[in-house]
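Read the structure below first, then the notes.
The values are calculated or read from the model by the stated rules, or taken from the named source; none is laboratory data. Because the structure is predicted, anything quoted here is derived from the model rather than measured. Note that we place each Cβ from the backbone using ideal geometry, even for glycine, and neighbour counts take in every protein chain shown.
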Amino acid sequence: MEGRRVRRTRRGSNHTQLLPLSSSSFSSSGCCWYLDYKIFALNQPLFRFGRKHAALLTPWFSIGVGFTLTTLLAVSLILLWDFGRALHIFPESWLGDVSSASLFGFWPFSSSPSAADAIYVVLSTFISVSFHEFGHALAAASEGVEMEYIAIFIAFVFPGALVAFNHDLLQSLTHFASLRIYCAGIWHNAVCCSLCGLVLFLLPWILFPFYQHTGTPMVLAVSSSSPLSGHLSPGDLIVSMDGVSINSPHQWIKMADFKNKFALRNMNSSRNVKSIGIINSGKGYCVPHSLLEESIKMQLEDHSHCPDDLAAFSTVPCFDKTILDDQIHCLNAKQVVKHAKCGDGWVTAKADHNSCLCSQDRTCSSPIQTPGMIWVEVSYLRPYSVECLQHWSKVPLDSRASDIAESNCGGTIVFVGDLISMASSVQLTAYQPRWLYFGAYLPNILERILVCTFHVSITLALLNSLPVYFLDGESVLEVALCHFTSLGSTKRGKILRMCLLGGTLISLLTLFRIFFKFL
């Protein structure tokens, strides 16, 4: 991200900063705390483009002035509000969960950061900063001000970028023309966010010739530490979770979170048995009596002693689902899940108040769990052959989960454990290649770059809108006071210093508070 920004004007100087006389298009300089890399090759191309299209760029950047001033006012109020709430000046009920934390940082990924995520952030930062700085350069060129260079720098440990302009030429412009230049970076970051959102929306149509955007997410990768490793493979299609159809990668995570909360709610509703930590989840299967008779039977306290390939089940009376039989049955879970479901613990689209009832030759049996161990069924399709794909295309979406067993093209995985960790360990995509599996990662890469660029750009725009020293907000606030007020230079200078000092201190205090809260 941009970090600290060197100001584009040097106040108090009466001489022009001359463009360095150098035959090279690049140069670098540095000291013990500052290192920069200057680029001169883009000076003339950007200036010629800006002058040629000045008639279009001038109203374009005038719109940016209105957007930036509105954003500066909004982020200033959010900063003051969050600071006042931290000091208990404002009641918590005001404005809900509005917080200045979004102005200082982000992480666009739902899981913990990885090396690949860091690459996406670096690439997205480069794109966002380029949009920002080219906005300043084009706005200046449209006003007849040629930039001296574009610099990429590191001050202490903070990376950043800047565009250097001739001070005297900037001083000769009108106040509103200067505002167009100073507001251009923030405006272009907002435009970058809009473009990312638009491309994300149109991506299914853009990739249509090569990928199909279906309602069944495809597995891209399974973490080696995932409990589903060895059960799911790249190319498999996730169909449902506990009979509820999964239509997108987002719904996969959302459903896992919902079921986790649903299970915790059930576990807290008087389902503890004999104080030994056994939980009846309310999920049952109509198990045939013959299968129960052939099962291994033992006492409730010995449920953990079932053989490794068998799971403990207990009969659940329909009139009181908080009571389990003293005797349990050790059954093969793969055989049990093929039978009809019963009980009220299933999260389905339609509630069935008589779901506990089974036929006379069957008994509703529920898997025994311990707190924190959630029982779910994950149905998947493994389209290895053309026959499977043809069969699947003829099955309605709401019937796919029940058709898995008959199709012989997929299966059902029974998982008992931490549902959130399991769901996040599987990487899914909503796109399926029309031909070979080769290139399956491309849509996911594009989506992640666009999402990350959106987050970086909006963070960059909000940070530079803050009324603090060394960011664009400082110059925007100074010129706005000159243009929109009739105050004398002395009063205007005092108001500017007071706003910048207060904004900088509150921003630093808020940043430290967020940092230590994160730790």
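Worth a mention:
- Restricting segment 472-509 to residues that are among the β-branched types (Val, Ile, Thr) and surrounded by 20 or more Cβ atoms within 10 Å (Cβ to Cβ) leaves a set whose member that is farthest from Phe83 (Cα to Cα) is Val479.
Conditions tested, residue by residue: (1) hydrophobic (A, V, I, L, M, F, W, C); (2) within 30 Å of Pro234 (Cβ to Cβ).
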| position | (1), (2) |
| --- | --- |
| Ala423 | yes, yes |
| Leu462 | yes, no |
| Thr504 | no, no |
| Leu508 | yes, no |
| Leu511 | yes, no |
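- Test for Leu477: is it in contact with a Lys or Arg (Cβ under 8 Å, 6 or more places away or on another chain), part of a helix (DSSP H, G or I) and under 17 Å from Ser178 (Cα atoms): no
- Which numbered condition Cys452 fails, given (1) of a type outside the set (Gly, Ala, Ser); (2) assigned to a strand (DSSP E or B); (3) modelled with pLDDT of 85 or more: (2)
- The strands (runs of 3 or more DSSP E) located wholly in segment 328-418 include none with 3 or more residues which are modelled with pLDDT under 75 and touching a Lys or Arg at 6+ places or on another chain (Cβ under 7 Å).
- Every test in (1) surrounded by fewer than 16 Cβ atoms within 10 Å (Cβ to Cβ); (2) at pLDDT below 90; (3) within 30 Å of Phe512 (Cβ to Cβ) is passed by Asp82 save one, and that test is (1).
- Criterion: touching a helix residue (DSSP H, G or I) at 6+ places or on another chain (Cβ under 6 Å), surrounded by 15 or more Cβ atoms within 10 Å (Cβ to Cβ) and closer than 19 Å to Ile253 by Cβ - qualifying residue of His213, His188: His213
- Within segment 65-79, considering residues that are over 27 Å from the mean Cα position of the chain (by Cα) and crowded, with 16+ Cβ neighbours inside 10 Å, the one nearest to Glu148 (Cα to Cα): Val65
- Test: residue in segment 153-170 that is assigned to a helix (DSSP H, G or I) and at pLDDT below 80: yes
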